[in-house]
Amino acid sequence: MSEPQTAPLILALPSKGRLKEQCEEWLASVGLELTPTGGGRGYTAALKGVPDVSVQLLSAGSIAAAIDAGEVHLGVTGEDLLRERGEGVEARVALLQGLGFGRADVVVAAPKAWVDVETMADVDEVAHDFLARTGARLRVATKYFSLTRAWFAAHGVVDYRIVGSAGATEGAPAAGAAELIVDITTTGATLEANGLKILRDGVILRSQANLAASLAIPWSASQRAAAERLINEQAATILQTRLANG
Amino acid sequence: MRAEPPLPTAAMKAIRAPFLEAGAMLIDPPVIQPLNELLDLAGETMRARLFIVQGENGAEACLRPDFTVPVTRAHIASGAPSGRYRYEGKAFRVARKGDEASHFEEFIQMGLEAYGERKDPPADAAIAAIAWRSVVAGGRRDLAMHLGDTRIVADVLRVLETPPRPAARIMRALGRPAALSAALDKAKSPAGEAREGLAAELALMAESAAVRKLEEAWASGELEAVGGRSALEIVARLRLGAQAAKERRMTDSEATLITDLSVISGAPDAALDQARAVLTRARIDIGASLDTVAERTRALVAEGVPADRLSLGFGFRRPFSYYAGFLFDITSGAFGPGHAVAAGGRYDPLLRQLGGPVGGHAVGCMVRPFRAWSGASQ
């Protein structure tokens, strides 16, 4: 067991898919290379020639949860997943650096057939009427409970319900499971194909892969130094400020 | 998870006594409540405060966050035209982020709900006085009762002939200055952004022609017919929107009137005088509503609530829209805002929403014994 002063920096990186590849490209761009460590499961890794960093390979969702909970120092995951951790997440997580890949938008989408619904103000009115007339609330299918609640509240829309959706959210309106969706999209093509359109003021978040630091875990001087080798100057300043204020 | 420690028996007995004298039937509704119904009533903001539970059969439920909804359901199910119930038991709410250290998630609520009874100021005062006597028995010396009545602003909006949607938005925003300001701005300039393309065309056509055109667009596959709204509904809304410019807009002085009313708060007599002055200046007559508020204050004093412990605010509103009309909070300096020792009011709309009789009356009060008890150390 290492002394706290010399314990490694724990870095969480995506374990699979395009995000994993793009992450390795980013690491290469700062002169680093991921090497698998012993343990055939593939959950841990190391950075070649960098002994004071220990890498954990996790799903993007688990990385966001681990940073929030203070189980790792740093992690790369989608900004959408970090912000979905809830109101006040910025007190526990410092978003240090957008990495320029994994770009996608979290959007509010409504049926194209609803030609009178183009903005959140339209949603407000239609939802209010719907509830008054039918006694039922407009349903919004999404996995982003937190982002959706905050966005709708900010636009004064209260007469709706969230219907949890683990996958294929864009199919929910056609299946009659919801009227609106909040989903992540890259080209918008899937939304189109499902008879949906993005509201004019419906972009909740322009997300990308982000390198984020946990403010819920203790940081030693050596761990800070290890972090600074991975991040750019601006990010280093942010980290310094946030750790100082914490 | 923090659970309230229990109170000494003697303290509970004293706090409970006024409820025992209220002629109410003890009721013990289920702790596990259906989730969907509660969220349908209270909206998504409630979800973050609920302990959600799930059995193996998959139906999502929650631990009761309070008693009002379950008791109201039970009363409606009984079919009785009227009823008075008292309850005492645990309720459960997830602490708000940042509040964890000071907020109990498992706590005792004690309360009374009365249905189908006379609705007048003495009846209102009698219910609030039960809560007052109960809290006073807990021993705190710095208690105050804050009164409100959402009828006042609602009556003003009615006299101003504010259209229903802006009016609903304004009522919802009461108690939140920034939201109220935004709602008033919207009421002053209702016209939204200009419509384009097909939407713009439909707005200007005769209704049946527009409906036909939209349905053709859907059928042709131009726009897939996804979503449970009819073409008629959509066309009607577009045409209504085109008339929005002609709809009665709220004037600046009317908006100022609402803002001025919503910030009046203080000793009841002074607050009433201020409200009367504001309305007189604006030449708005809302009839007897302010007299009702005055009568209620007198009735409360007659019931033993000290006049110098009463305050009245016209911007006082609960987040759950089913409270309408008379409402009150009892607070102590020992706790911050948002942590009332007791609360209550009228909630006729909830009765209706849960399937109760149209025009039915519902009023109640709830006490937090642990907060009322002066012997509690935080």
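Quick rundown of the values:
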item: Chain A: relative contact order in percent, alpha carbon pairs under 8 Å with at least 6 residues between; result: 27 percent
item: Computed Rg/Rh of segment B:1-146, alpha carbon atoms with Kirkwood Rh; result: 0.98
item: Dipole magnitude (debye, nearest 20) for segment B:53-169, charges at Cβ of Lys, Arg, Asp, Glu; result: 240 debye
item: Lysine pair number, Cα distance threshold 25 Å (strictly under), chain A, separation 8 or more or different chains; result: 7
item: Residue (of B:Leu7, B:Pro29, B:Leu354) at the positive-pole extreme of chain B, dipole from beta-carbon charges; result: B:Leu7
item: Percent of alpha-carbon pairs separated by more than 26 Å within segment A:98-246; result: 40 percent
item: Chain A: angle of helix A:145-154 to the longest principal axis, Cα-based, in degrees nearest 10; result: 60 degrees
item: Viscosity 0.692 mPa s, temperature 37 °C, Stokes-Einstein D of segment A:90-184 from Kirkwood C-alpha radius, µm²/s; result: 227 µm²/s
item: Cleavage-rule hits (trypsin sites (Lys or Arg not before Pro)) in segment A:185-246: DSSP loop, at most 12 neighbouring Cβ within 10 angstrom; result: none
item: Longest exposed-site-free window of chain B, the sites being GluC sites (Glu not before Pro) in a DSSP loop that have at most 16 other C-beta atoms within 10 Å; result: B:304-378
item: Positions from segment B:143-192 whose accessible area shrinks by 40 Å² or more when the full protein complex is built, not the chain alone, probe 1.4 Å; result: B:Arg165, B:Arg172
item: Radius 15 Å from Cβ of B:Arg176, net charge of other residues (Lys, Arg +1; Asp, Glu -1); result: +4
item: Orientation-averaged projected area, Cα convex hull of segment A:80-137 (nm²); result: 6.5 nm²
item: Gaussian network model of chain B, Cα within-10 Å springs - most flexible of B:Asp260, B:Asp291, B:Asp99; result: B:Asp99
item: Extreme residue, positive dipole direction of segment B:54-197, given options B:Ala178, B:Gly197, B:Phe107 (C-beta unit charges); result: B:Ala178
item: Nearest-ten-degree value, helix B:68-78 long axis tilted from longest Cα axis of chain B; result: 90 degrees
item: Share of alpha-carbon pairs per 10 Å distance bin for segment B:281-378, given as whole %; result: 12, 36, 34, 15, 2, 0
item: Threshold 40 Å² - residues in segment A:96-125 whose accessible area is reduced by that much or more when the chain is no longer isolated, probe 1.4 Å; result: A:Lys112, A:Ala113, A:Trp114, A:Val115, A:Asp116, A:Glu118, A:Asp124, A:Glu125
item: 1.4 Å probe accessible area per residue over chain A, in Å²; result: 43 Å²
item: Carbon plus sulfur fraction of accessible area for segment B:1-154, probe 1.4 Å, in percent; result: 55 percent
item: Low-density loop cleavage sites - trypsin sites (Lys or Arg not before Pro) in segment B:133-172, where at most 15 other Cβ are within 10 Å (DSSP); result: B:Arg141
item: Accessible surface of segment A:1-140, 1.4 Å probe, proportion on carbon and sulfur as whole %; result: 52 percent
item: Chain B: calculated mean residue ellipticity at 222 nm from DSSP helix runs of at least 4, using -39500 (n - 2.57); result: -12500 deg cm²/dmol
item: Hydrodynamic radius of segment B:82-192 per Kirkwood, over alpha carbon pairs, in Å; result: 18.1 Å
item: Size of electric dipole in segment B:307-378: Cβ of Lys, Arg +1 and of Asp, Glu -1, about Cα centre, debye, nearest 20; result: 100 debye
item: Candidates B:Ala302, B:Ala219, B:Ala48, ranked by Gaussian network fluctuation over chain B, Cα under 10 Å, top entry; result: B:Ala219
item: Chains B and A together, accessible area buried on both sides, 1.4 angstrom probe, square angstrom; result: 3000 Å²
item: Size of electric dipole in chain A: Cβ of Lys, Arg +1 and of Asp, Glu -1, about Cα centre, debye, nearest 20; result: 460 debye
item: Kirkwood hydrodynamic radius (C-alpha pairs) into Stokes-Einstein, segment A:35-104, 25 °C and 0.890 mPa s, D in µm²/s; result: 184 µm²/s
item: Highest-fluctuation residue, B:Arg64, B:Arg237, B:Arg309 considered, GNM on chain B with Cα pairs under 10 Å; result: B:Arg237
item: Distance cut-off 34 Å, percentage of C-alpha pairs in chain B lying past it; result: 38 percent
item: Computed [θ] at 222 nm, helices only, for chain A once each DSSP H run of length n ≥ 4 contributes -39500 (n - 2.57); result: -9500 deg cm²/dmol
item: In segment A:71-157, trypsin sites (Lys or Arg not before Pro) in a DSSP loop with at most 14 other beta-carbon atoms within 10 Å; result: A:Arg103
item: Among B:Ser289, B:Gly79, B:Ala154 the positive-end extreme of the charge dipole of chain B (Cβ point charges); result: B:Ser289
item: Cα-based helix-to-principal-axis angle, A:60-69 vs chain A, degrees rounded to 10; result: 70 degrees
item: Estimated D of segment B:3-55 in µm² per second, where Rh is the Kirkwood radius over Cα pairs and Stokes-Einstein applies at 20 °C, 1.002 mPa s; result: 147 µm²/s
item: P(r) weight above 13 Å for segment B:287-328, C-alpha pairs, percent; result: 60 percent
item: Dimensionless Rg/Rh of the protein assembly as shown - Kirkwood Rh, Rg from C-alpha atoms; result: 1.02
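The values are calculated or read from the model by the stated rules, or taken from the named source; none is laboratory data. Since this is a predicted model, take the numbers as computed values, not measurements. Cβ: placed from backbone, ideal geometry, glycine included. Neighbour counts: every protein chain shown. Surface accessibility is based on the protein's heavy atoms, side chains included, excluding ligands, DNA and RNA. Shrake-Rupley method; radii C 1.70, N 1.55, O 1.52, S 1.80 Å.
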